[in-house]
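Step one of this worksheet: look at the structure below.
The values are calculated or read from the model by the stated rules, or taken from the named source; none is laboratory data. Just so it is clear, the structure is predicted and the values come from calculations on it, not from any experiment. In this analysis, Cβ positions are derived from the backbone assuming ideal geometry, glycine residues included, and neighbour counts consider all displayed protein chains.
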Amino acid sequence: MSKINRTTHLMKVNKKPCDGCGIEKVIWKNHQRKRYCKQCWSAHATSPRTKPTVKRKALPSRSQKRIKQEAEYSAKRKIFLSSHPLCKANLPGICTNHSTDVHHTAGRIGDLYLDETNWLALCRSCHMWIETHPREAREMKLSKSKL
């Protein structure tokens, strides 16, 4: 068979009546036991479909475990700051000397959140400096690597 005959032979084999328009064309899509040509399928695919409306519950912003941890942290934080009233960083030029924040030197993930051995009492300005300058804070031993 020559190349031209093979192409026309394949085109004749693929042509079947379209269930959308009824004209014998190349079938583009078989959907639910119906055959559609390209034009009918694109019209069928863009027609509005009704989706079932299922109300989904909103995911909670915090888990119950984290809510309990935060309540425990709040109580421990008050005690920690009252027993450490002065800023431990005492950075020159920015320190206000009165501690208001608790810095988690090793991070706050998992059990580290409530581990007081990794807490550091700081004033707000020193805490902000440590958070924005992590490399320098690690060199000054005010923070630990979180890796």
Review point. From the list His84, His103, His127, which one is surrounded by 12 or more Cβ atoms within 10 Å (Cβ to Cβ), touching a residue at least 24 places away in the same chain (Cβ under 8 Å) and either closer than 30 Å to Lys16 by Cα or touching a Leu at 6+ places or on another chain (Cβ under 6 Å) (or both)?
Key: His103
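Each row is one residue, and each column tells you yes or no for (1) assigned by TED's automatic domain parsing to the domain that holds Thr100; (2) among the β-branched types (Val, Ile, Thr); (3) modelled with pLDDT under 85; (4) surrounded by 12 or more Cβ atoms within 10 Å (Cβ to Cβ).
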{"site": "Lys57", "(1), (2), (3), (4)": "no, no, no, no"}
{"site": "Lys68", "(1), (2), (3), (4)": "yes, no, no, no"}
{"site": "Ala71", "(1), (2), (3), (4)": "yes, no, no, no"}
{"site": "Lys76", "(1), (2), (3), (4)": "yes, no, no, yes"}
Check your understanding: With respect to the numbered conditions (1) surrounded by 17 or more Cβ atoms within 10 Å (Cβ to Cβ); (2) more than 21 Å from Lys146 (Cβ to Cβ), which one is the sole condition not fulfilled by Ala89?
Key -> (2)
Review point. Is it the case that segment 11-24 has a residue that's assigned to a loop (DSSP other than H, G, I, E, B), at pLDDT 85 or above, out of contact with any Pro (no Cβ under 8 Å at 6 or more places or on another chain) and surrounded by fewer than 15 Cβ atoms within 10 Å (Cβ to Cβ)?
Key: yes
